[in-house]
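Report on one structure; see the data block that follows.
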Amino acid sequence: MKTILRILIISTLVMVSCGPSESHAEGESPLEGEITISGAWALYPMIIRWSEEYHKLYPKIKFDISAGGAGKGMADALAGAVDIGMVSRVIYPEEIARGAFWVSVTKDAVFPTINGNNPVWENISQKGATREIFTKIFITGEITTWGQVMGNPEVTDPIFVFTRSDACGAAATWADYLGSTQEDLLGIGVYGDPGLLDAVIKNPMSIGYNNLNYIFDMKTGLPVSGARVFPIDINNNGKADPSEIFGTKEMAINAVASGDYPSPPARDLNIVTRGKPSGLVKTFIYWVLTDGQNFVNEAGYIALPRDKLEQELMKLD
């Protein structure tokens, strides 16, 4: 019955968005127009895939999509500069007060990343690091060498910390995991998820953090050449357990989906509009939460639970 109800709702939205005065030739798409979207790098690949699939169904609908960070997506949406903002973090009360309306559409996670040629990788892969250690690297600055990370004072190689220069969900989420905010993160600021990963790859002594779909290669499912995922010792037992080591994208996805990887740095990904959406935008969002979910797993994201999707659909009614 819920499926039938959704179909009826979407059909109604299609008729409303077209208007009663429009007529269409047989076999012609009833939907026409442009949807503008900007924001989070984390959600960008998924939105691109959804737009491609939706365009196949409705060829007269065009999309203008750009990445630039969750902060830009939120600012653009609230300013009316775009129809939809991609926001890869929690929505703040002050944004809700300004009219932000959002629905969660999928899930991913942020992972700490290091250079693939890190000189103490063998030790790191065995021990990992606790949240406390990451906090001392990224927030307080108490840890500045790889020897301190490993508890070996003989290793004096310095840690080069990289962070994001743009207001973004990845930084906000990683900082949230460390009990702080993006503004408190230490390190050299680099723009965008691809830029941060590139900085880590170019420096053997570096550390950073990246979204799931940037640290892992889309074709091979392995970490991007030159980078590794830094294991988090989640249970604080002094070693990196097999469930805490992510050598493949599948392993990382399974850990996020099962809840074994903590949230944060796992998080829901959201699309935001200024006020409750209507017409063409609302129709597209309904499709994303229903038929569009068929493309989530193959695009390398984690599907939200069915009851969560139902809750998001109800927000649109």
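Overview of values
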read-out: Options ALA175, ALA170; residue that is out of contact with any strand residue (DSSP E or B) (no Cβ under 8 Å at 6 or more places or on another chain), modelled with pLDDT of 95 or more and open to solvent by less than 10 Å² (accessible area, probe 1.4 Å); value: ALA175
read-out: Segment 269-291 residues that are in contact (Cβ under 8 Å) with a residue 60 or more places away in the chain and farther than 23 Å from ALA97 by Cα, paired with ones that are open to solvent by 10 Å² or more (accessible area, probe 1.4 Å) and among the basic types (Lys, Arg) (beta carbon under 9 Å, 6 or more apart); value: TYR286/ARG6; LEU289/ARG6; THR290/ARG6
read-out: Any hit, segment 200-210, residues being part of a helix (DSSP H, G or I), out of contact with any Gly (no Cβ under 9 Å at 6 or more places or on another chain) and buried (at least 19 other Cβ atoms within 10 Å of the Cβ); value: no
read-out: Top-ranked residue of segment 226-262 - restricted to ones that are under 17 Å from ALA303 (Cβ atoms) and not in a helix (DSSP H, G or I), ranked as farthest from the chain's Cα centre (by Cα); value: ASP260
read-out: Test: ASP260 is open to solvent by 80 Å² or more (accessible area, probe 1.4 Å) and over 22 Å from LYS127 (Cβ atoms); value: no
read-out: Residue tally, condition over 26 Å from the mean Cα position of the chain (by Cα) and modelled with pLDDT of 50 or more, over segment 10-56; value: 5
read-out: Among the residues listed as ALA75, ALA67, the single one being within 29 Å of TYR191 (Cβ to Cβ), surrounded by 23 or more Cβ atoms within 10 Å (Cβ to Cβ) and modelled with pLDDT of 95 or more; value: ALA67
read-out: Segment 184-199 - residue that is under 17 Å from the mean Cα position of the chain (by Cα) and hydrophobic (A, V, I, L, M, F, W, C) and, of those, surrounded by the fewest Cβ atoms within 10 Å (Cβ to Cβ); value: LEU197
read-out: Near pairs, Cβ below 8 angstrom, 6+ apart or cross-chain, from segment 299-317 (closer than 22 Å to PRO277 by Cα) to any residue that is modelled with pLDDT under 95 and surrounded by 16 or more Cβ atoms within 10 Å (Cβ to Cβ); value: LEU313/ARG6; ASP317/ILE9
read-out: Residue within segment 156-168 that is assigned to a helix (DSSP H, G or I) and in contact (Cβ under 8 Å) with a residue 12 or more places away in the chain present; value: no
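Yes or no, residue by residue, for (1) modelled with pLDDT of 95 or more; (2) open to solvent by less than 20 Å² (accessible area, probe 1.4 Å); (3) part of a strand (DSSP E or B); (4) not aromatic (Phe, Trp, Tyr):
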| position | (1), (2), (3), (4) |
| --- | --- |
| PRO59 | yes, no, no, yes |
| LYS62 | yes, no, yes, yes |
| GLY85 | yes, yes, yes, yes |
| ILE91 | yes, no, no, yes |
| SER104 | yes, yes, yes, yes |
| ASN117 | yes, no, no, yes |
| ILE133 | yes, no, no, yes |
| GLU142 | yes, no, no, yes |
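The values are calculated or read from the model by the stated rules, or taken from the named source; none is laboratory data. Here the structure is a predicted model, which is why all the values come from computation and not from measurement. Because the Cβ atoms are built from the backbone with ideal geometry, glycine has one as well, and the counts that use them run over all protein chains shown. SASA here: full protein model, heavy atoms, side chains in, ligands and nucleic acids out. Shrake-Rupley method; radii C 1.70, N 1.55, O 1.52, S 1.80 Å.
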